[in-house]
Amino acid sequence: MKILAIETSCDETSVAITENGRTILANQIYSQIDIHKLYGGVVPEIASRNHLLKISQMVDSALAEANCQFADIDALAVTKGPGLIGALLVGLNYAKSLAYALDKPLIPVHHIAGHIFSALPEHLDLKPPFLTLVASGGHTSIIACHDYDTLEILGETRDDAVGEAYDKVARTLGLSYPGGPMIDKLAQTGKGDAIHFKRTYLEKDSFDFSFSGIKSGVLNYINNSQQKNEEINIADLAASFQEAVVDVLVDKSMLAMEKTGLNDLVLCGGVAANSRLRERLKASCQERAYKLYYPTLKLCTDNAVMIACAAYYKAQKQGLSKNDLALNAQNNLDL
Ligand code: KG4
Ligand code: ZN
C-alpha cells in the first residue's frame, strides 16, 4: 500500500510517500526555520502562509522523488492535530481536496502517534510492545505502545515541554532559534557539573515531568551572577542545564521500563536529536540489557514519513474509510 502523507503542524512543510508503512519512497521537508529565526520563535500566521506557498511544490517533489504518479497512490494521510491551527488547516484542507479530486481515502493522523512510529521505517525489527519517550518542542511524554492501535500515556509534562525549555533557556542566553541544537553544541565544550540546577521529579514513581522550575533556575542564576558582576561561562551553563534535564528524562524512562517490564525503548521527537540524551540513554539501556531505538536526525524533527507510517498501521487495524469531508484540524487533540 502506497501512502502519500502531509505534515504541516508547525514550521515544517513535509510530504512523504511510503510503501507498506516502512519503505520510504520520498521524504520532502521544507523547513521554515530561517524565516522564524528573525522573530526568535515560530510565528503562527507566517507559518500558515509559508505552508500555503510550499505545499503544492512539495507534493510534486515527493511524487518525482518516488517516481510515482497520483494513480499509484492508494491512500492519502494528513496530520489532524495537535499543532498550530492555521498551519494544520493548510495541510488538512490540501489533503482533503486532493483526496476528493482523486477519489482516494484520507487517513487522519495524530501528530504524536506519528513521532511514536518515527523509528519504525529505519528499524525493521522494531514492533510493539515498546516504550516511547516523546521529547519534542510541544510534548514530553512517556507512552507505552502495546500494539499499533493501543497507546497508553504513562506520564506527560505538567508545564513546559522539554524542547520548549531548551528554546526558552537558549533565548535567555541570546542564542538563536531553535535553541535545542545550539545548547547541545555549546554544552559539548562545557562542564555538566559546573552549576547545580534542581531536578524536578514530582511525586515518587510519577512519570510526569515539569521543566518550568529549571527554566527559572537558569534565569535566577544569570540574574544573580549579573548582580555580583560575575562572568558567566555560557558553555558550563548550557552543559549544566542539559545535564539536569537529561538526568530526569533518563531516570523516568528507566523507571517506566522497569515498571512496565518492556525491553525496547524508542526515543523520538525533536529533542531525540540531542547528543547527550542519546549518549546517556544508550549507556543506561546497555547496563540493563534494554534495546534503544531512535530515528536518524531527519526523522526526529517533524516529517511526513512518520505520519505515513502511523497511517499505514491505522489502516491495517481499522481499514480504509472514504475521505470524510467533515474532517477538521484540532490544535488540541487527545492521543
Ligand atoms: O518534534 P519537533 O520538530 O517539533 C515539535 O513537534 O515540537 O521538535 C522541535 C524541538 C525544538 O524545541 C528544538 O529546539 C528541539 O526540538 N531540538 C533539540 C535538538 N534538536 C532539536 N533539542 C535539544 N537538542 C537538540 N540537538
Ligand atoms: Zn513534532
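Observations on the model:
- Using 0.36 nm per residue and subtracting the Cα-Cα separation, the extra length available between LEU102 and GLN286 on full extension is 61.4 nm.
- Over segment 113-231: Kirkwood hydrodynamic radius from C-alpha pairwise inverse distances, Å: 16.4 Å
- Bridge type composition, the chain - antiparallel percent by DSSP, nearest 5: 60 percent
- Kirkwood hydrodynamic radius of segment 50-132, from the reciprocal of the average inverse Cα-Cα distance over all distinct pairs: 14.5 Å.
- The chain, helix-only ellipticity at 222 nm - DSSP H runs n ≥ 4, -39,500 (n - 2.57), divided by all residues, nearest 500: -14000 deg cm²/dmol
- Shape category assigned to segment 224-311 from the gyration tensor of Cα positions, a/c cut at 1.5: oblate
- Centre-to-centre, using Cα atoms only, segment 208-264 and segment 273-335 are separated by 25 Å.
- Those aspartates and glutamates that a straight Cα-Cα span of less than 13 Å connects to LYS198, excepting residues fewer than 8 apart in one chain: GLU243, ASP247
- Each listed q (0.17, 0.19, 0.22 Å⁻¹) maps to a log10 I(q)/I(0) for segment 171-300, found by the Debye formula over equal Cα scatterers with no solvent: -0.96, -1.15, -1.40.
- Per-bin percent of Cα-Cα distances, the chain [10 Å]: 6, 26, 32, 23, 10, 2, 0
- Segment 269-324 - Rg (one decimal) and Dmax (whole number), Cα, Å: 15.8, 48
Throughout, read-outs are computed from the coordinates displayed, never taken from laboratory work. Keep in mind it's a predicted model, so treat the numbers as computed, not measured.
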